[in-house]
1. Which entry in [x] 21, 50, 27, 2; [y] 25, 61, 13, 1; [z] 22, 45, 19, 11, 3, 0 matches P(r) over Cα pairs in 10 Å bins from 0, in percent derived from the coordinates of this structure?
2. Calculate one ³J(HN,Hα) per residue across segment 46-58 by plugging θ = phi - 60° into the Karplus curve 6.51 cos²θ - 1.76 cosθ + 1.60, and present them in order as whole Hz with x for glycine and proline.
3. Any chance you could run the full-extension gain for Arg57 through Arg26? It's 0.36 nm times the residue separation minus the Cα-Cα distance, nm to one decimal.
Amino acid sequence: MGDEVNVMINEMDELGRGVVHYRGIRIVVPKAVPGERVRIRIIRIDGNTAQATVIKRIAEPKR
């Protein structure tokens, strides 16, 4: 927990949150959209799913 990583959001969940799979863990990132590259901070891990917050937006999704 507390780790920061740069990721590209791959998909959205049923609640509209961004989702990325990183090192075998599904990370849910509120306020992120597919195609967006962001720096995130892991705030909670529960089994194979983690919750994260956006620290910085690196690149917007291509339109």
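1. [y]
2. 9, x, 9, 10, 10, 10, 9, 10, 7, 8, 7, 8, 8
3. Extending this stretch completely gives an extra 9.2 nm.
Quick note: the coordinates plus some simple rules give every number you see, no bench work behind them. Owing to the predicted nature of the structure, the values given are computational and were not obtained by experimental measurement.
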